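S.K.: Handing you a structure now.
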Amino acid sequence: MGNPMKIRAASKDGITEVKVLMSHEMETGFRKDASGAPIPAWFISEVTAKLGDKVVMEAQWGPSVSKNPFLAFKIKGGKAGDKVTITWVDSKGDTRTDTATVT
Amino acid sequence: MTFEPLSRRRLLTRAGALGLLATIGTLVTPRLVLAAWNKAAFESKTLPETYKLMGAEGATESGDVQILASDIAENGAVVPVQAVSKLPDTTQISFLVEKNPNMLAALFDIGPDMVPDVTTRIKMGQTSNVVVLVKAGGKYFTATKEIKVTLGGCGG
């Protein structure tokens, strides 16, 4: 289980803007270590976003999303006090879920 | 107190703990309502092949799709890109980098509760066209922008 995500969710004029900063190496599999051995790929491959209990977005990522991925998106609806939940799964099967309260 | 009941109790405790873990597992696991990870598309090495594997052959350029990014990226490892679609019934937004080893960087399946406006950061090995591919009303539309990279994001 990786480090916690930083999630900000703010509601304005009926739209909830969510910003997420994840903590992950996002290793491409194309790099080599100091001894010349290839470093195996290791990256977040799936991301799910929920408002309350409802899935609003599902993302599939490859290794060319930057290290410590940043993600921003907008949900129709949502109000202060609602919960936004983000879950990621990486290529090793590790997973992490964090929740933020909409402000 | 004999050895047997103790070991039985321990066994039951362990079984209980395992059961609890399993329950937490099912609660935490996201309910995947949409497609599984498209391995073939993420690993394909040409743009036409990637389009084909995404079912996006025949995608057309559209002024209603916008890609917002700066013209020059100082660091190819972290290139901020934003995609906005003004097309009704937008269900998918993808970012593709033409000159990366694998074109497809990220794909977002969005439900009707989303504003079709997604921002992320991607790696670019070199100066390249970046394509935003949008699925709207079952058809695919694109917007393309060249981003100049002064420091590569891969292999470093």
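S.K.: One residue is enough: does segment A:59-77 have a residue meeting the conditions assigned to a loop (DSSP other than H, G, I, E, B), open to solvent by less than 10 Å² (accessible area, probe 1.4 Å) and touching a helix residue (DSSP H, G or I) at 6+ places or on another chain (Cβ under 7 Å)? Spell out the reasoning first.
M.R.: We begin by selecting, within segment A:59-77, every residue assigned to a loop (DSSP other than H, G, I, E, B); these are A:62-64, A:66-69.
If we keep only those that are open to solvent by less than 10 Å² (accessible area, probe 1.4 Å) as well, we get A:62, A:66, A:69.
Right, trim to touching a helix residue (DSSP H, G or I) at 6+ places or on another chain (Cβ under 7 Å) and you get A:62.
Within segment A:59-77, one or more residues are assigned to a loop (DSSP other than H, G, I, E, B), open to solvent by less than 10 Å² (accessible area, probe 1.4 Å) and touching a helix residue (DSSP H, G or I) at 6+ places or on another chain (Cβ under 7 Å).
S.K.: Continuing with the same structure: Would you tally the residues in segment B:60-72 being within 21 Å of the chain's Cα centre (by Cα), under 16 Å from residue B:92 (Cα atoms) and open to solvent by less than 30 Å² (accessible area, probe 1.4 Å)?
M.R.: 2
S.K.: Continuing with the same structure: Determine if segment B:131-154 includes at least one residue that is part of a strand (DSSP E or B), in contact (Cβ under 8 Å) with a residue 12 or more places away in the chain, within 9 Å of chain A (Cβ to nearest Cβ) and surrounded by fewer than 17 Cβ atoms within 10 Å (Cβ to Cβ).
M.R.: The answer is no, given that none of the residues of segment B:131-154 is part of a strand (DSSP E or B), in contact (Cβ under 8 Å) with a residue 12 or more places away in the chain, within 9 Å of chain A (Cβ to nearest Cβ) and surrounded by fewer than 17 Cβ atoms within 10 Å (Cβ to Cβ).
S.K.: Could you tell me which of the residues A:99, A:16 is closer than 24 Å to residue B:90 by Cβ, at pLDDT 95 or above and either hydrophobic (A, V, I, L, M, F, W, C) or in a strand (DSSP E or B) (or both)? Working first, answer last.
M.R.: Working: A:99 fails: closer than 24 Å to residue B:90 by Cβ.
Step by step, each of A:99, A:16 is checked, and only A:16 is closer than 24 Å to residue B:90 by Cβ, at pLDDT 95 or above and either hydrophobic (A, V, I, L, M, F, W, C) or in a strand (DSSP E or B) (or both).
S.K.: From the list A:30, A:43, which one is in contact with a His (Cβ under 8 Å, 6 or more places away or on another chain) and open to solvent by 10 Å² or more (accessible area, probe 1.4 Å)?
M.R.: Numbers: A:30 fails: in contact with a His (Cβ under 8 Å, 6 or more places away or on another chain).
Testing whether each residue is in contact with a His (Cβ under 8 Å, 6 or more places away or on another chain) and open to solvent by 10 Å² or more (accessible area, probe 1.4 Å) leaves just A:43.
S.K.: Related question: For segment B:86-125, give me each residue that is more than 7 Å from chain A (Cβ to nearest Cβ), open to solvent by less than 20 Å² (accessible area, probe 1.4 Å) and within 19 Å of residue A:14 (Cβ to Cβ).
M.R.: Residue satisfying the conditions is B:90 alone.
The values are calculated or read from the model by the stated rules, or taken from the named source; none is laboratory data. Treat the numbers as computed from the prediction; the structure is a model and nothing was measured. Using ideal geometry, Cβ is built from the backbone for each residue, glycine included, and neighbour counts are taken over all protein chains shown. Accessible surface is based on the protein model in full, side chains and every heavy atom, while ligands, DNA and RNA are left aside. Shrake-Rupley method; radii C 1.70, N 1.55, O 1.52, S 1.80 Å.
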